[in-house]
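Colleague: Submitted below is the structure of interest, expressed as structure tokens.
The values are calculated or read from the model by the stated rules, or taken from the named source; none is laboratory data. Just so it is clear, the model here is predicted, and its values are computed rather than measured. Here the Cβ positions follow ideal geometry from the backbone for every residue, glycine too, while neighbour counts run over all protein chains shown.
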């Protein structure tokens, strides 16, 4: 959400001066939320993001998803600003959390410094300041929701068991294995080394790592320090696989293994791999005790959504919100007090008044 800069506003148009540039960028304001604005550019950008997300999530039904959610684009922008304002009232800055989040991302990408992370973002055409601001916004809004809404939800064991029994059909799952890997690559060839020497060195290293694991070394620590795979930062975690998603050789091997069992070294195109089955889930509805955290999360989200909408409606009732004709806030409260425009002695002066609270004209 753009913060107000020194500007002039006339009939819903904001001209934002740019330092060192004679011309100005002219933006159309489509909504005011307290002392902030939402521009048509932000609105159109959010609509484009919606299309991209829908295409990534479900390409076959992307148009249907967009049609269903398009009406809520402005609502979501207003929600975001209301939560940011509340975060400011609560003294939430997210400074510490932002630094930690960025550092975690840097480590996951195996970058040496924050400057390298900035270069990576810039190389993809993303402003690093915008990138950081988006993360900060996510942290603040999530903390406000957790503090103001989530913490007030009451869920007990009886609620969880009732949800479990009502949703058994949704909880049914196929047989799956959860895998972690250690990859010793043969694709990095030192200058002057023969292919045979590279393969032999990789195999020797993989065998040594396997020997360490068999002697009691932690698989995840070995993976984090030694794996050449993209999952090294996640301790080698590959996630869940059901039958038919792995190569037959690997499927036959891993589905015949028990939880916490480790394979021998396996030759692949990329090098030598050691696999660990970190979980082996049987087909059917899992016992409640095995998925209680999952049930808790699902029930929490089910109750959070309506509670959050009620909370956001109340925030709207205490806020100044002015929306340009032709645009609709689908989350508006019927109890909102609409701004009233009055004429002063000076015909060019206009003041927007609202019950309970007054805000300066933008």
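Colleague: Can you tell me which of (1) out of contact with any strand residue (DSSP E or B) (no Cβ under 9 Å at 6 or more places or on another chain); (2) farther than 24 Å from residue 303 by Cα is the one residue 199 doesn't meet?
Modeller: That leaves (1) as the condition not met.
Colleague: Among the residues of the range 263-275, is any over 23 Å from residue 200 (Cα atoms) and modelled with pLDDT of 95 or more?
Modeller: The first filter runs over the range 263-275 and keeps only residues over 23 Å from residue 200 (Cα atoms), leaving none.
No, every residue in the range 263-275 fails to be over 23 Å from residue 200 (Cα atoms) and modelled with pLDDT of 95 or more.
Colleague: Give the residue that is nearest to residue 85 (Cα to Cα), with candidates limited to residues of the range 313-327 that are touching a strand residue (DSSP E or B) at 6+ places or on another chain (Cβ under 7 Å) and outside any loop (DSSP other than H, G, I, E, B).
Modeller: 321
Colleague: Can you list residue pairs whose Cβ atoms sit under 9 Å apart, with the first residue in the range 229-244 being assigned by TED's automatic domain parsing to the domain that holds residue 257 and free of Cβ contacts under 8 Å to residues at least 24 places away in the same chain and the second being surrounded by 14 or more Cβ atoms within 10 Å (Cβ to Cβ) and in a strand (DSSP E or B)? Count only pairs 6 or more apart in sequence or on different chains.
Modeller: Pairs that qualify, where the first residue is assigned by TED's automatic domain parsing to the domain that holds residue 257 and free of Cβ contacts under 8 Å to residues at least 24 places away in the same chain and the partner is surrounded by 14 or more Cβ atoms within 10 Å (Cβ to Cβ) and in a strand (DSSP E or B), are 230/183.
Colleague: Regarding residue 217, is this residue at pLDDT below 95 and either surrounded by 12 or more Cβ atoms within 10 Å (Cβ to Cβ) or under 33 Å from the mean Cα position of the chain (by Cα) (or both)?
Modeller: Details: at pLDDT below 95: no; either surrounded by 12 or more Cβ atoms within 10 Å (Cβ to Cβ) or under 33 Å from the mean Cα position of the chain (by Cα) (or both): yes.
No; evaluated as a whole, the condition is false for this residue.
Colleague: Take the range 250-275 and flag every residue that is free of Cβ contacts under 8 Å to residues at least 40 places away in the same chain and in contact with a helix residue (DSSP H, G or I) (Cβ under 7 Å, 6 or more places away or on another chain).
Modeller: Passing the criteria: only 263.
Colleague: Please give the number of the condition residue 7 fails out of (1) at pLDDT below 95; (2) buried (at least 17 other Cβ atoms within 10 Å of the Cβ); (3) within 28 Å of residue 318 (Cβ to Cβ).
Modeller: (2)
Colleague: When you go through 184, 144, 177 one by one, which is the residue that is surrounded by 12 or more Cβ atoms within 10 Å (Cβ to Cβ) and more than 30 Å from residue 292 (Cβ to Cβ)? Give the steps one after another, and end with the answer.
Modeller: Working: 144 fails: more than 30 Å from residue 292 (Cβ to Cβ); 177 fails: more than 30 Å from residue 292 (Cβ to Cβ).
Residue meeting the stated conditions: 184.
Residues are listed down the side, and each one gets a yes or a no for (1) within 30 Å of residue 336 (Cβ to Cβ); (2) over 19 Å from the mean Cα position of the chain (by Cα); (3) surrounded by fewer than 16 Cβ atoms within 10 Å (Cβ to Cβ):
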| residue | (1), (2), (3) |
| --- | --- |
| 39 | yes, yes, no |
| 53 | yes, no, yes |
| 60 | no, yes, yes |
| 70 | yes, yes, yes |
| 83 | yes, no, no |
| 93 | yes, no, yes |
| 101 | no, no, no |
| 112 | no, yes, yes |
| 123 | no, yes, yes |
